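Trainee: What follows is a structure written as structure tokens; I'll ask about it next.
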Amino acid sequence: EARPEPLEEERGSSAASFAGSRGVKGSTPAALIVNCPTAVGIPPISGEYLLVPGERPNGMPLWKLRGAEMWLYCGTNQRWYVGGRDAKDWKFQCQAGFIYSESVANGSMPDRMAGGWARFQGGVFVADS
């Protein structure tokens with residue numbers, strides 16, 4: 001299951017997982033760690049995502065993968081996505097990414113989402129188990 005979590009906690013799964021937050025508990029995390037299995041046809045998305053100060057596409061925070069053009073953002077449908085250059089070029093006014101939260105954010109940060117995540121694999125999105 002893909003889910004962001006506080007750095008001080010370690011929660012894992014066989015699919016994608018998130019660890020998060022440097023900063024005050026309950027606030028917007030300054031950094032999130034994403035761990036996701038590699039899959040044919042998609043770029044690596046695992047690593048440390050750093051908060052982009054002053055950027056709030058669709059009214060929610062934005063994080064960028066350190067050293068790569070990958071972004072963790074809230075899409076126009078209020079689900080969290082990890083997307084690439086296309087999402088950035090579209091100014092995050094989209095619903096595009098390699099993984100996404102199946103639940104609507106409703107103001108929740110990615111490390112606090114209830115419900116599962118889906119990832120692109122073999123040409124289709126599959127729910128994490």
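Trainee: Answer yes if at least one residue in the stretch 13-24 is at pLDDT below 85, part of a strand (DSSP E or B), in contact with a strand residue (DSSP E or B) (Cβ under 8 Å, 6 or more places away or on another chain) and of a type in the set (Phe, Trp, Tyr), and no otherwise.
Mentor: Among the residues of the stretch 13-24, at least one is at pLDDT below 85, part of a strand (DSSP E or B), in contact with a strand residue (DSSP E or B) (Cβ under 8 Å, 6 or more places away or on another chain) and of a type in the set (Phe, Trp, Tyr), which makes the answer yes.
Trainee: Another question, then. Quick check, is Leu50 among the aliphatic types (A, V, I, L, M), modelled with pLDDT of 95 or more and open to solvent by 40 Å² or more (accessible area, probe 1.4 Å)?
Mentor: yes
Trainee: Scan the stretch 98-126 and report the pairs whose first residue is over 26 Å from Val40 (Cα atoms) and whose second residue is at pLDDT 80 or above and of a type in the set (Gly, Ala, Ser), with Cβ atoms within less than 8 Å and a gap of 6+ or a chain change.
Mentor: What qualifies is Met113/Ser101; Met113/Ser103; Met113/Ala105; Ala114/Ser103; Ala114/Ser108.
Trainee: Please work out which one of (1) in a loop (DSSP other than H, G, I, E, B); (2) within 14 Å of the chain's Cα centre (by Cα) is the condition Gly54 fails and give its number.
Mentor: It fails just one condition, (2).
The values are calculated or read from the model by the stated rules, or taken from the named source; none is laboratory data. Everything numeric here is computed off the predicted structure, so don't read it as measured data. Reconstructed Cβ throughout: ideal geometry from the backbone, glycine too, with neighbour counts over all protein chains shown. Protein only, heavy atoms only, side chains kept; ligands, DNA and RNA dropped before computing areas. Shrake-Rupley method; radii C 1.70, N 1.55, O 1.52, S 1.80 Å.
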